[in-house]
Amino acid sequence: MSWTEFIKSRQFLRHLSAAVALTILLVILILSSLKAYTRHGKEFAMPDVLGMTNAELEAWSEESHMDFLVIDSVFNDELEGGTVYTQYPYPGAMIKKGRQVYVTMVAMSREKVSMPDLRDFTLRQAMAMLETYRLSVDSIMYVPDIGRTVIEVRQGREVIEAGELIPKGTAVILVMGSGSGGNRLHMPFLLGKSRAEALRLLEASFLMSGAEFFPEDGDTSDLVVFRQHPPYRTSGGVSMGRPVDLWYVNRRDFVMEEAMRQLGQDTLAADSLAPGGRSNIDSSLLEF
């Protein structure tokens with residue numbers, strides 16, 4: 001039988017018809033399987049899960065067959081910790097069951113970082129390093145020093161040591177040298193000042209508050225400084241960062257003459273321990 005006769009034979013046509021029918025059947029089965037596997041046409045709007053807790057997410061995940069994946073956490077003191085901060089896909093997006101949803105949670109507490117050692121850094125270097133550690137500069141203080149580099153880092157009146165763990169995002173105070181040399185400071189006059197005023201003066205003078213002594217009657221409504229140590233105009237000045245002890249009385253009980261007499265005694269006692277033993281207090285302050 002020739003090739004032409006074989007192609008025209010009924011046997012060949014039956015086999016060809018069977019092959020075509022089988023191919024069509026396989027294509028239909030494959031398309032039907034893909035449709036069922038991909039859930040074609042069974043989409044629904046992504047709900048808003050912002051603000052949900054972990055427990056609520058788990059319960060909703062089991063119900064909707066969704067897969068939630070936490071990819072990050074951020075701290076926000078205005079939001080409740082342990083709740084959803086962001087989500088993807090966004091609310092309202094068309095998704096299918098079993099879709100993986102990526103969420104960012106609100107951290108329970110602010111993440112902490114190790115304070116870098118900034119001593120002897122220039123201002124530009126220190127600011128760049130703080131930015132790397134996700135810290136910021138609240139303010140810059142200049143103190144008498146021969147260099148123009150970082151002397152220490154503070155938060156309020158507290159010195160932050162290198163390696164100390166502090167919350168990420170903390171704004172710190174950089175204490176820089178002014179380049180003027182020397183670091184002996186004059187003691188400010190605090191007698192008669194309110195507690196808030198005295199503490200502000202100490203901070204502005206690059207000094208620290210030391211021990212504080214309050215009235216025995218427990219009334220702290222209106223206090224003023226009655227005594228300070230080291231005393232005002234201590235001979236030779238005081239070192240930067242020196243703690244200053246303060247004694248308070250109620251304003252109604254404060255008598256400037258008595259405070260000045262006490263100042264004279266404190267100054268003479270302090271100067272008697274210094275080389276030469278000379279008093280540096282203005283004698284006119286004691287004339288009443």
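The values are calculated or read from the model by the stated rules, or taken from the named source; none is laboratory data. Nothing here was measured: the structure is a model prediction, and the numbers come from that model. Every residue, glycine as well, gets a Cβ built from its backbone with ideal geometry; the counts of neighbours run over all protein chains shown.
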Considering only the stretch 98-116, state which residues are in contact with an Asp or Glu (Cβ under 9 Å, 6 or more places away or on another chain) and part of a loop (DSSP other than H, G, I, E, B). Gly98, Arg99, Arg110, Met115
Would you tally the residues in the stretch 177-196 being modelled with pLDDT under 85 and either surrounded by 17 or more Cβ atoms within 10 Å (Cβ to Cβ) or in contact with a Phe, Trp or Tyr (Cβ under 7 Å, 6 or more places away or on another chain) (or both)? 5
Leu190: over 21 Å from Met208 (Cβ atoms) and either of a type in the set (Asp, Glu) or in contact (Cβ under 8 Å) with a residue 40 or more places away in the chain (or both), yes or no? no
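Of the residues that make up the stretch 145-158, is at least one farther than 30 Å from Val113 by Cα, outside the structural domain of Gly264 (by TED's automatic domain parsing), of a type outside the set (Gly, Ala, Ser) and out of contact with any strand residue (DSSP E or B) (no Cβ under 6 Å at 6 or more places or on another chain)? Reasoning before the result, please.
Step one: filter the stretch 145-158 for residues farther than 30 Å from Val113 by Cα, giving 146.
Among the residues that remain, those that are also outside the structural domain of Gly264 (by TED's automatic domain parsing) are: 146.
From what's left, of a type outside the set (Gly, Ala, Ser): 146.
Then keep just the ones that are out of contact with any strand residue (DSSP E or B) (no Cβ under 6 Å at 6 or more places or on another chain); that gives 146.
The answer is yes; a qualifying residue exists.
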So Ser73, is it under 22 Å from Ala204 (Cβ atoms), of a type in the set (Gly, Ala, Ser) and without any contact (Cβ under 8 Å) to a residue 40 or more places away in the chain: no
Only one of Gly169, Gly163, Gly177 is in contact (Cβ under 8 Å) with a residue 24 or more places away in the chain and farther than 25 Å from Met240 by Cα; which? Gly169
Can you spot a residue in the stretch 108-120 that is at pLDDT below 85 and among the acidic types (Asp, Glu)? yes
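Evaluate the stretch 254-276: report whether one residue or more is modelled with pLDDT under 80, in a loop (DSSP other than H, G, I, E, B) and over 30 Å from Tyr142 (Cα atoms).
So the first thing to find is which residues in the stretch 254-276 are modelled with pLDDT under 80, and the list is 262-276.
Then keep just the ones that are in a loop (DSSP other than H, G, I, E, B); that gives 273-276.
Cutting the leftovers down to over 30 Å from Tyr142 (Cα atoms) gives us 273, 276.
Looking for residues that are modelled with pLDDT under 80, in a loop (DSSP other than H, G, I, E, B) and over 30 Å from Tyr142 (Cα atoms), one finds at least one in the stretch 254-276, hence yes.
So which of Ala198, Ala126 ends up being in a helix (DSSP H, G or I) and closer than 30 Å to Pro231 by Cβ? First the steps, then the outcome.
On the way: Ala126 fails: closer than 30 Å to Pro231 by Cβ.
None of the others qualify; the one that does is Ala198.
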